[in-house]
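Okay, structure first, notes after.
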Amino acid sequence: MSITINTTINGKTVSASAEASTSLLEFLRDTLEFKGTKLCCNTGECGACTVIYNGKPINSCVTLAADANGAEITTIEGLADGDKLHPVQQAFIDTGAVQCGYCTPGYIMSVKALLDRTKKPTQSDIEEAVSGNICRCTGYAKIVDAIQLAAQKL
Amino acid sequence: MDYFEPKTVSEALSLLAKHGAEAKVIAGGTDVMVDIKYKEEPGCLINIKKIPGLGAIQENGASLRIGTLITIRELETNKLVREKLAVLWEASHQFASLQIRNTATIGGNICRASPSGETLTPLLVLDAKAKIAFSDGEKTEPFASFFQGPGKCSVGSKGLLTEIDVPYPAAGSKSVYLKHAVRGAMDIAMVGVAVLITPDAAKNSLQDVRIGLGAVAPTPLRASKTEALLRGKPLTVALLKEAAAMAASESSPISDQRSSAEYRSWIVEALTRRGLEQTWKAATGKEVA
């Protein structure tokens with residue numbers, strides 16, 4: 001059964017149809033072509049598909065696309081202002097917090113949500129914010145550096 | 001797959017009556033979506049998130065009424081939960097990841113009826129009750145008799161869990177939720193133990209003791225023999241040792257990819273001992289002697 005989903009993505013209203021069983025991740029990537037949000041574990045365990053849903057970071061792979069109806073969603077594509085990267089994106093580059101890069105969009109969305117809710121995150125705020133994101137390359141130290149740098153810049 | 005977004009509880013119940021075992025109720029979706037992808041797509045999905053009135057936390061005298069759609073993050077950040085239901089707060093705080101806590105609901109965690117469900121042993125030791133709507137009326141059932149096996153509970157295929165009623169523990173009570181897992185976040189508990197104790201007025205003995213064991217039997221359970229052994233007595237080193245061993249004997253764990261049954265038994269013993277020690281000290285200001 002196909003359903004119509006009316007939602008707001010990165011500030012723009014969008015209307016599209018999808019099968020009722022579609023996940024928000026599939027809807028974003030395959031229907032709307034927002035390929036920045038990554039498919040990885042597809043079971044809600046790795047955080048690569050993190051988007052901001054009504055102000056909160058969630059795993060889009062285990063969210064029903066139908067729940068996007070009437071919601072406001074921010075994806076990685078919604079952060080940069082033209083060619084100017086968002087301070088969180090720039091901080092990941094400046095600290096070398098990106099290696100293979102596959103987990104990076106998910107991390108950046110988790111960090112964006114963290115810095116939206118607290119301007120001066122403590123170490124434990126940072127750990128909590130990204131505890132649902134897995135990176136198999138960096139060893140995490142540089143990611144924490146990036147978060148601290150982004151917090152200073154914002 | 002058919003898909004419905006009922007706007008009332010009675011509409012949801014009619015859909016459940018009509019579609020029967022083919023229907024699956026979805027709220028947060030963190031478990032159901034994984035089943036849809038990797039197990040089986042249900043014939044019909046009933047999304048209850050649009051039903052008003054199921055997403056509030058309200059104080060009702062000496063208890064808290066928690067709507068089934070309350071997310072784990074909403075539990076974790078609720079002042080009353082933190083102050084009055086510390087053991088439930090601790091379990092919410094240790095639940096999966098922030099992303100999952102923002103989506104997963106308490107009703108979903110309960111109806112999933114997983115032996116390792118994080119909120120279940122806290123609800124058991126808090127003597128909480130489930131409010132379940134059926135087409136022929138509403139039923140209130142204590143969690144002590146609610147769970148029937150992995151994935152099976154009193155809600156069945158025709159009912160809808162609407163609210164959880166959690167009485168506040170007696171004044172002076174102390175509680176703790178201890179989870180044994182390899183990874184801090186996202187990991188399913190190998191063993192989860194919830195302990196709640198109430199000392200007598202003189203703080204010399206255990207007036208009430210409640211111990212909940214998770215992930216070590218087909219359902220989360222209360223270690224009732226261990227509780228009976230402890231009730232009315234001062235907590236001594238010898239009694240603590242006996243109680244911890246008894247709690248392990250009341251569990252019936254399985255071996256799986258997370259750990260062996262034998263290891264789980266040891267952990268039940270260790271966490272029961274630790275939980276009793278910690279709560280005794282917090283409630284009486286004394287070491288176990």
(message) Students often check this: by mean Cβ neighbours within 10 Å, which of B:101-109, A:33-41, B:250-258, A:141-149 ranks highest, and how do the rest follow?
(response) B:101-109, A:141-149, A:33-41, B:250-258
(message) Quick test of the membrane-span-like rule: which DSSP H helices of chain B reach at least 30 Å along their long axis (C-alpha atoms) with mean Kyte hydropathy at least -1.0?
(response) B:261-284
(message) Using alpha carbons only, how many angstrom separate the centre of region B:9-37 from the centre of region A:5-79?
(response) 21 Å
(request) Write down the radius of gyration of the protein assembly as shown and its Dmax, each obtained from C-alpha positions, in Å. (result) 22.9, 70
(request) Provide the three semi-axes, in whole Å and in decreasing order, of the ellipsoid equivalent to region A:87-153 as defined by the square roots of 5 times the Cα gyration tensor eigenvalues. (result) 17, 13, 10
(request) Determine the shielding of peptide A:58-71 by partner chains: average, over its residues, the number of Cβ atoms on other chains within 10 angstrom of each Cβ. (result) 6
(message) What percentages make up the Cα-Cα pair-distance distribution of region B:174-284 when the bins are 10 Å wide from 0?
(response) 16, 49, 26, 8, 0
(request) Please report, to one decimal in angstroms, the Kirkwood hydrodynamic radius of region B:1-63 built from all distinct Cα-Cα pairs. (result) 12.9 Å
(request) Report, in deg cm²/dmol and to the nearest 500, the calculated mean residue ellipticity at 222 nm for chain B, where each DSSP H run with n ≥ 4 adds -39500 (n - 2.57) and the sum is divided by the residue count. (result) -9500 deg cm²/dmol
(request) Give me a single rounded figure for B:27-35: the average over its residues of other chain Cβ atoms within 10 Å of their Cβ. (result) 6
(message) Which one, B:Gln278, B:Gly212, B:Ile254, projects farthest toward the positive side of the charge dipole computed for region B:174-284 from Cβ point charges (K/R +1, D/E -1)?
(response) B:Gln278
(request) Jot down the radius of gyration and Dmax of region A:42-139, Cα atoms only, both in angstrom. (result) 13.3, 38
(request) Using all C-alpha to C-alpha distances in region A:2-78, build P(r) with 5 Å bins and read off the rounded percent in each one. (result) 3, 18, 32, 29, 14, 3
(request) Provide a whole-number value for the mean count of partner chain Cβ atoms within 10 Å of the Cβ atoms in peptide B:101-111. (result) 3
(request) Would you work out the charge dipole size for region A:87-153 about its Cα centre, treating the Cβ of every Lys and Arg as +1 and the Cβ of every Asp and Glu as -1, and quote it to the nearest 20 debye? (result) 120 debye
(request) Could you list the square roots of 5 times each eigenvalue of the Cα gyration tensor of region B:46-105, that is, the equivalent ellipsoid semi-axes, sorted largest first and rounded to whole Å? (result) 19, 17, 7
(request) Output the direction-averaged projected area (hull surface divided by four) of the convex hull of the alpha-carbon atoms of chain B, in nm². (result) 14.7 nm²
(request) Might you report the magnitude of the Cβ-based charge dipole of region B:98-241 about its Cα centre, with Lys and Arg at +1 and Asp and Glu at -1, to the nearest 20 debye? (result) 400 debye
(request) Determine the sum of side-chain charges near B:Asp127: Lys and Arg each +1, Asp and Glu each -1, restricted to other residues whose C-beta is under 13 angstrom from that of B:Asp127. (result) -1
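Each value in this text was obtained by applying a stated rule to the coordinates, not by laboratory testing. Note that the structure is predicted; figures quoted are calculated from it, not measured. All Cβ positions, glycine included, derive from the backbone under ideal geometry; neighbour counts span all protein chains shown.
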